[in-house]
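The structure appears right after this line, and notes come after that.
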Amino acid sequence: MYIIPAIDILNKKVVRLREGDYQQVTQYDVSLEEMIERYQSNGTNFIHIIDLNGAKNDFSNQQYLFDVIKKTDMKIQYGGGIRSIDKVKELTDAGIARVIVGTQAITNPSFLDELSKAMCGSAKCAEKIVVAIDVLDEVIKYSGWMESSPIKLMDYIDRCLHLGFYRFLCTDIDKDGKLGGAGVELYKKLLNYSPIIKLIASGGVSSMKDIEQLSKIKVESCVVGKAIYEQRITIEDVKNWNLKSLISI
């Protein structure tokens, strides 16, 4: 298991939201370029970038993000406002390694089918697309966690797998931004249900002890943001963990 450092961008600033609430924003005095440069090392290959403006259908950050991304050798896992096949293609053509799809995949029944036809037939489908599942008490939430989907969690997993998508970014909403520990029980349920999925854990990681717990249940990777900014996990911790994970493969 490896750690993917998370960087959320709002109005070109590095921020974190608490429970996805734009009214609960913490802004950090560091630039995106500086953050990426700090993480770059053997083993730490991926950065998780969320365009919080894009999530509200405001793409004023996008060119800035593209300009920064072009300057780095790091692989980018990118999300925020991806609501069309054209946008997915635009991002992959711009060099984004993995594109995260979320709300559109839940609310538009044909979106995943169309995306599967456009991106599958090669390794691109599985490797280029990450399906985001935001969960509260095993209910899938969307649209900034304001709406609840009637689709059952495991049924949604099955549908994605049938279409060729097997990498999932699962956020335990109840844990997110609180530094209270990761949603280990939720992730256990998902992996027990379908051991073949590639699961990226998100939300609540507060210490290296949480990282160790996630590693034990064999999630593929975990996204860590606030714990790093709040210095509960150091950048050196991330680098050392990822290097050990790389060596052990």
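The values are calculated or read from the model by the stated rules, or taken from the named source; none is laboratory data. No experiment lies behind these values; they were computed from the predicted model shown. Accessible surface areas use protein heavy atoms only, side chains included; no ligands, DNA or RNA. Shrake-Rupley method; radii C 1.70, N 1.55, O 1.52, S 1.80 Å.
Per residue of the chain, what 222 nm ellipticity follows from adding -39500 (n - 2.57) for every DSSP H run with n ≥ 4, rounded to the nearest 500?
It lands at -10500 deg cm²/dmol.
For Gly81, which sequence-distant residues (separation of 5 or more, or a different chain) have an amide H within less than 5 Å of its own amide H, given hydrogens modelled in the peptide plane?
Here the answer is Ala55, since their amide H atoms fall under 5 Å of that of Gly81.
Tell me, what % of the accessible area of the chain is carbon and sulfur with a 1.4 angstrom probe?
46 percent
From the phi angles alone, apply the Karplus equation (6.51, -1.76, 1.60; θ = phi - 60°) to the stretch 206-213 and give each ³J(HN,Hα) in whole Hz, x where the residue is Gly or Pro.
Per residue, the Karplus-derived 3J(HN,Hα) values read 10, 7, 5, 5, 5, 4, 4, 4 Hz.
Can you send over the solvent-accessible area of Asp67, 1.4 Å probe, protein chains only, in Å² to the nearest 10?
Ignoring ligands and nucleic acids, Asp67 comes out at about 70 Å².
Quick one: Karplus J couplings for the stretch 99-107, per residue in order, coefficients 6.51, -1.76, 1.60, θ = phi - 60°, nearest Hz, x for Gly and Pro?
9, 9, 10, x, 4, 4, 5, 7, 8
Could you pull out every residue, at least 5 positions away or on a different chain, whose amide H is within less than 5 Å of the one on Tyr2? Hs are placed 1.01 Å off N in the peptide plane, and Pro or chain starts have none.
Ser221, Cys222
I'd like the Karplus ³J(HN,Hα) series for the stretch 241-247: coefficients 6.51, -1.76, 1.60, θ = phi - 60°, whole numbers in Hz, and an x wherever there's a Gly or Pro.
4, 5, 5, 4, 5, 5, 5
With every protein chain left in place, what is the accessible area of Lys152 in Å² (1.4 Å probe, nearest 10)?
In the full protein context, Lys152 sits at about 140 Å².
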